[in-house]
Amino acid sequence: MKADNTIAAVVTGAASGLGEATARKLAAQGVRVAIFDMNAERGREVASEIGGVFCKVDVADVESVSVGLAQARAVHGQERICVNCAGIAPGEKTVDRDGNYHDPARFARAININLIGTFNVASQSAAGMVKLDPVTQDGERGVIVNTASVAAFEGQIGQAAYAASKAGVVGLTLPMARDLSRDGVRVMAIAPGLFMTPMLAGLPQEVQDSLGKQVPFPSRLGDPSEYAALVQQIVENPMLNGEVIRLDGAIRMGPR
């Protein structure tokens, strides 16, 4: 499916980081982009810059997602591209040094936003996509790209909640792709490694440099534009379906 001005897209977490880069990349191809985020000020700013629309959406809330999709579709029509980048990265050990166990509420919050939030948006978006007419000879109607993480495979100390949520995104990929195959909707996931997102950008330069050196090649933090480029490739390559692609410079995370 060609990313052009005949296509509408929804990108969650698009007020910053990987989501923002993806929204800008798609908009540069002419795609009509709806930005879903909780940061209204920044979200509106990005939307204005790319000629898109902003919708304040809490991905963990089913009704909020429904309202956001309705708002986006009223402006751009039914989306054929859905990219889920919204997420949080909490850090907490299973048991801390004082013997306290992991706060169940914080664990649940990570699952609710990273995994259930991804499912909420992907499933509701897919319900709209399957009603569309195909746009290719293969019968393709749409594509969904979810964001996992290398932590899904090599979760580090203090990443129990985050790794579990991202492992859930990995596990969601193939069955969702199979569910939607008869309707011509593809489902993929990207598992980024160490990228220059707002979370890492806030660290001291020497820490950023140290993290970048852990990457075998290229020995640096990933740029969000590289994630966005892969999203475009997934959108345009119909044989990419039901798979998780690591985008990590060959890094394999150690325990800490």
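Any read-out appearing in this document is the output of simple, stated calculations on the displayed coordinates, not a laboratory observation. Please read all numbers here as calculations on a predicted model, not as lab measurements. Glycine also receives a Cβ, built like all others from the backbone with ideal geometry; neighbour counts cover every protein chain displayed.
Can you show me the helix-derived [θ] at 222 nm for the chain, built from DSSP H runs with n ≥ 4 at -39,500 (n - 2.57) apiece and divided by the number of residues, rounded to the nearest 500. Don't skip to the answer; put the middle values down first.
On the way: 10 runs with 109 residues, N = 256.
Per the formula, -13000 deg cm²/dmol.
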Only Lys, Arg (+1) and Asp, Glu (-1) charged, at Cβ; the stretch 1-42 dipole about Cα centre in debye: 160
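By how many nm would the segment from Ala229 to Met199 lengthen if fully extended, with 0.36 nm per residue of separation less the alpha-carbon distance?
Stretched out fully, the Ala229 to Met199 stretch lengthens by 8.7 nm.
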At least 20 Å along the helix axis (C-alpha) and Kyte average at least 0.5, DSSP helices within the chain: 62-76, 160-180
Percent antiparallel among DSSP beta bridges (both partners in the chain, rounded to 5): 5
Cα-centred dipole magnitude for the stretch 1-139, charges only on beta-carbon of K, R (+1) and D, E (-1), debye, nearest 20: 240
Rough spin-label spacing in nm, given labels placed 7 Å along Cα→Cβ, for Ala127 and Glu206: 5.3
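With the contact rule set at Cα under 8 Å and sequence spacing of 6 or more, what percent relative contact order holds for the chain?
Once normalised by length, the contact order is 20 percent.
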Nearest-0.05 FRET efficiency for Ile157 and Asn39, computed from C-beta distance (R0 30 Å): 0.55
Reachable lysines, given that their alpha-carbon falls under 22 Å from the alpha-carbon of Lys25 and they are not under 8 places away in the same chain: Lys2, Lys56
Spin-label model distance (nm) - Glu236 vs Thr6, 7 Å beyond Cα toward Cβ: 1.6
Size of charge dipole - the chain - debye, nearest 20, with Cβ of Lys, Arg +1 and Asp, Glu -1, no other charges: 240
Three-way shape label, the stretch 1-77, alpha-carbon gyration tensor, a/c 1.5: oblate
Protection proxy ranking of 159-169, 142-152, 86-96 - average other beta-carbon atoms within 10 Å, highest first: 142-152, 159-169, 86-96
Where labels lie 7 Å past Cα in the beta-carbon direction, separation of Gln29 and Lys93 in nm: 4.5
Cα-based Rg of the chain normalised by 2.2 N^0.38 Å, two decimals: 0.98
